[in-house]
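Just below is one structure, and these are the notes that go with it.
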Amino acid sequence: MKSFLLLLSLACFASVQAMGQTKTDLDLSGYCSKVIVGDDMEVSLYTPTMFRIRTSDLEGEKFPPEYEIPFVIGKLENWDPVEYSHWGDGEYDYIETGQIRILISKATGDWTVWTAGGDRQIYPSEGRIHGMFRDGYTVFDNASAFNERNNNNRYTHWFYNPSTGRYVDTYLHEDLIFDRYFIYGPDYPALFAQFNELVGPEPLLPMKAYGTFHMQHLICEGSQEQLLAYARKLRAKDLPCDVLIIADEWGDGCPGGGGDDYWGQLDWYENYTKPLSVKGMCDSLEAMHFDVMTIHHSAPDFVHREENTPRRIREWTSRVYDEKLWWEKMEEQYDNGVDGTWQDTRQNDITDGVIWMHTQEYFGPEQRVLFNGARKMMLFNYWDADGRDNTIAANNLIGSRRYPFRWTGDIERSYAELKFQVKAITNTHGAMKGVSYITCDDHGKDWKVHARYNQLLDFLPVSRTHAYRPWQFILSNEEWDELLKEEGYGSTQDYIPSTDDASHNPMRPLNTLKREIMEKLTDEKTSRIKTAEISIRKHRKLRYRLLPYIYSTAYVNYLTGMPICRPILLAFPEDSRCRQDHFPYQYMFGESILVAPVYGDFKTMEIYLPPGNSWIDYWDKKIYSGGQLLTYETTDAEKLPLFVRNGSIIPMREEQNWIETGEIWDPLILDIYPDTASSFTLYEDDGRTTYYKDGQFTKTMFECSMNDSEISVIINKSEGEYIGHPNKRNYIIQLNLIRRPPERITLNTIELQESINSNSLEDDKFGWTYDSKRGMVIIKISVRTSEESEIVVSLEPTFKK
């Protein structure tokens, strides 16, 4: 399977290099192999197991080249020819490649798919649908798979224009072209690889975006001083963060209080232009290692924008501006140091694509896009009073995966919503629909729910908090009344309940007072009010240490389409219980870490550990056998259940509360759980440019094997190149679950010196030590990246793991 994935990654990478281009000289007339069936049907063969069937009611030329690539397709270079046979009889047209046979009814145009030779029918079938897959295949139109409910038009209207590099300049107004796509695996890696190549990969985010996003939602109470103070407090309180999102208060909803009549403004609110200029403010935040994003409820009026979606789906686009004016204002923000936009216009995938692509064109290859759009899916929605069902991502088009990242909307604060989000994001409506970069809000009805939400966030591809601060007080009205009285402020009844009418009421806004009290009490050495801060710090620091692992997993997603979060049914299809999706609320974070978010105030929770591996509790290193339903204690709300697959090699970095632009991981920590044989491939690039699309990145494979007498760790030479890749690197290798100290350790046959005091190891250029309390061998070495290096750990004859 691993060799198959490697071949797929190479093939996929070769096909997606053109994705970084805006305008192309693509010849649409020779895009792929085609078969015309009857008067109004065209079959486009992309691979021997992937095709499109198009029906056309156009007058005159039925299949003009300018309509070749709709919004759902992201591949902007010609496909390799597909060998096929085409014949017919009185009832059917037959098209056969080396792997499948397509039967098309001459009477109705209905079609079925069979294995080559016609021995077994593949489609249609009656198996259970998992996301967008069923029985080893998928079939979808521009909006959704298997005719799942969707608010967008299923007909094909938007087409890629090679001369402009956009999907909006060639537009078909009428419902005259209908496309259906079919992909056969039959296994998941083959399905995701072909889907990735056809629709286009999810591009890598800027490296800093794999940290954490924080936002204050202050409406017009916000100011530059408050933003800078919040940034300083995050650093002072030892809380990792890389991106600050300025919500409505930057100017989008101010002045005016952020109401519907005010959203969508383009000029900075005066509170954010003094005492520093906007550029000075952004420079100050950059000096503290923060990037900056701003929210927008407006959109540029590009050609055919009105046809984007039905009127009721445009509710969140509060204002539309002349395209040139909107971009002048947005580019001015970029020039002043703003790094990205949160397009809270929601349910506008075509608009999001236009903004994402133009931003990348404006930045050029030296900077990646930082973009937050919407993938609305939730159990309960505050804003839809008509009871609209939002439990599926019905507002999104399949092609939107090319423009990450996405947020699920304004969700409820309950455990029930948290449970829904776990499955929706990491399984049914995210990963299993080919969309990895999704995150959700972090609200909670109490500190425990707040903590559990943040634990989930830190083990998603994107960790983004909404309005709550890590030290947020979450109290009932009665508890706030008591606290206000204790602090000498009277009752909540003495204050207006919100900021909406603050300018018309002489009483002080209650939310402002609550924030001031919260800041005062959390600044004291001790606080009598419990918050989620300890849990957030603990798990967020772990996320930041896991950056090399997360970033490498993001590369696998880019190259092969395999999701970053992998539901158990995808990660372990050989197990019938996993294959049937019996455990949809736990998932693999990459290939090594099993995550089981706690979605209730449980004393214990059942966690399934798949067979074929032993599993190690990350926190206490206790070993569990696979193939069991484990009853796990969850009374500690500050601990997320995490299990490491035995044999895992997990690359990590040293602790730091931010990510440097273009940082090099030195020393690189290899956290290894030795087994018979295992490997991991580290991917690296400069972390900020799009040159990775042209092949400017490196791969380094780590291998570990173990027998009764020794453990071998091989650091293979790095393959590839990018500007800034180091010639030498320091490593700290942590071998877990070692019950006795080794006899000797060698690096390329040269014996390393043992350090008796583990604290002195950091000062040695080379060496090793044994930590008996943790059962860990720690080895520090320095090697050239252009050479293979092997570390051999000789074990005592009586060694037992």
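The values are calculated or read from the model by the stated rules, or taken from the named source; none is laboratory data. This is a predicted model, so every value here is computed, not measured. With ideal geometry, Cβ positions are generated from the backbone for all residues, glycine too; neighbour counts draw on all protein chains shown. For the accessible areas, the whole protein counts, side chains as well, though only heavy atoms, and no ligand, DNA or RNA atoms are used. Shrake-Rupley method; radii C 1.70, N 1.55, O 1.52, S 1.80 Å.
So here's what we get for this one:
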quantity	calculated
Those lysines that a straight Cα-Cα span of less than 22 Å connects to residue 274, excepting residues fewer than 8 apart in one chain	233, 329
Counted charge near residue 86, where neighbours are those whose Cβ lies closer than 10 Å (Asp, Glu -1; Lys, Arg +1)	-2
Rounded percent of accessible protein surface that carbon and sulfur make up, the chain, 1.4 Å probe	47 percent
Fraction of antiparallel bridges per DSSP, the chain only, in percent to nearest 5	80 percent
Dimensions (Å) - the stretch 527-583, Cα atoms, principal axes, largest first	50, 29, 12
Computed lengthening from residue 87 to residue 128, 0.36 nm per intervening residue step minus Cα-Cα distance	11.5 nm
Reciprocal mean inverse distance between Cα atoms of the stretch 268-372 - Kirkwood radius, Å	14.7 Å
For residue 411, distant residues with modelled amide H under 5 Å away	441
Residue 727 paired with residue 574, simple spin-label distance in nm, labels 7 Å along Cα-to-beta-carbon	4.4 nm
Residue-normalised accessible area of the chain, given per residue in Å² at a 1.4 Å probe	38 Å²
Amide H partners (placed H, <5 Å) of residue 291, local residues excluded	243, 244
Proximal aspartates and glutamates to residue 62, defined as alpha-carbon separation beneath 17 angstrom and excluding residues fewer than eight positions away on the same chain	39, 40, 42, 174, 175, 179
Volume per residue of the C-alpha convex hull in the stretch 680-738, rounded to whole Å³	106 Å³
Cα extents of the stretch 596-639 along the three principal axes, largest first (Å)	31, 18, 13
Separation of alpha-carbon centers, the stretch 337-386 and the stretch 648-708, rounded to whole Å	30 Å
Scaled radius of gyration (Cα, divided by 2.2 N^0.38 Å) that the stretch 632-672 gives	1.61
FRET efficiency, residue 324 to residue 383 (Cβ-Cβ, R0 25 Å, nearest 0.05)	0.20
Net length gained if the chain between residue 301 and residue 487 were fully extended (0.36 nm per residue, minus Cα distance)	61.8 nm
Cα gyration tensor, the stretch 415-493 - rounded (a/c under 1.5), prolate or oblate	prolate
Option label - Rg and Dmax of the Cα atoms in Å computed here, alternatives (1) 48.3, 133; (2) 27.6, 90; (3) 31.5, 106	(2)
Note, ³J(HN,Hα) from phi for the stretch 434-446, Karplus 6.51, -1.76, 1.60, rounded to Hz, x at Gly and Pro	x, 10, 8, 7, 10, 9, 9, 5, 10, 5, x, 6, 8
Whole-number D in µm²/s for the stretch 571-664 (Stokes-Einstein; Kirkwood sum over Cα pairs; 25 °C, 0.890 mPa s)	166 µm²/s
Neighbour net charge for residue 774 - beta-carbon separation under 13 angstrom, K R +1, D E -1	+1
Qualifying lysines (Cα of each under 18 Å from Cα of residue 728; at least 8 residues distant if same chain)	699, 717, 765, 780
Computed label-point distance, nm, for sites residue 416 and residue 691 using a 7 Å Cα→Cβ extension	5.3 nm
